[in-house]
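Okay, structure first, notes after.
The values are calculated or read from the model by the stated rules, or taken from the named source; none is laboratory data. What you see is a predicted model, and the numbers here were worked out from it, not measured in a lab. Glycine gets a Cβ as well: all are built from the backbone with ideal geometry, and neighbour counts include every protein chain shown.
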C-alpha cells in the first residue's frame, strides 16, 4: 500500500507493526527490490502491514522517519 505524508500517521498509529520501504522510481536497487517486496507483503499479510513511500514525492516524511538513501526499509511498532 502506498503511504504518504497524508496517511502515514494514521497507518502507523493503528497498532499493527508497519514495515515500510522508501523508494524512488529512478533507483535501480529499488526497481530490483519491487518484486521481492510484493512477495514479502503477501507472506506477512495478517501479521504486519507492509507499505511503501515514494521518497521524492514525500520529502517531509523522509526527514521525519530519517530515511537518507534509496531504498530504505524501516519497521514501525507502536507508532514509532
* Asked: Between a first residue in the stretch 62-73 that is at positive phi and outside any helix (DSSP H, G or I) and a second residue that is modelled with pLDDT of 95 or more and exposed (fewer than 14 other Cβ atoms within 10 Å of the Cβ), which pairs have beta carbons less than 9 Å apart while being 6 or more apart in sequence or on different chains?
  -> 66/74
* To do: From 22, 40, grab the single residue that is in contact (Cβ under 8 Å) with a residue 12 or more places away in the chain and closer than 17 Å to residue 4 by Cβ.
  => 22
* To do: Looking at (1) outside any helix (DSSP H, G or I); (2) in contact with a strand residue (DSSP E or B) (Cβ under 9 Å, 6 or more places away or on another chain); (3) free of Cβ contacts under 8 Å to residues at least 12 places away in the same chain, find the lone condition where residue 46 falls short.
  => (2)
* Looking at (1) at pLDDT 95 or above; (2) loosely packed, with under 10 Cβ neighbours inside 10 Å, can you tell me which one residue 78 breaks? -> (1)
* To do: Scan (1) modelled with pLDDT of 95 or more; (2) within 12 Å of the chain's Cα centre (by Cα); (3) buried (at least 16 other Cβ atoms within 10 Å of the Cβ) for the single condition residue 41 breaks and write down its number.
  => (1)
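If you go through the stretch 44-61, how many residues are over 10 Å from the mean Cα position of the chain (by Cα) and either surrounded by 13 or more Cβ atoms within 10 Å (Cβ to Cβ) or at pLDDT 95 or above (or both)?
Taking the stretch 44-61 and keeping what is over 10 Å from the mean Cα position of the chain (by Cα), we get 44-48, 56-61.
This time we only want the ones that are either surrounded by 13 or more Cβ atoms within 10 Å (Cβ to Cβ) or at pLDDT 95 or above (or both), so: 44, 48, 56-61.
The number of residues fulfilling the criteria is 8.
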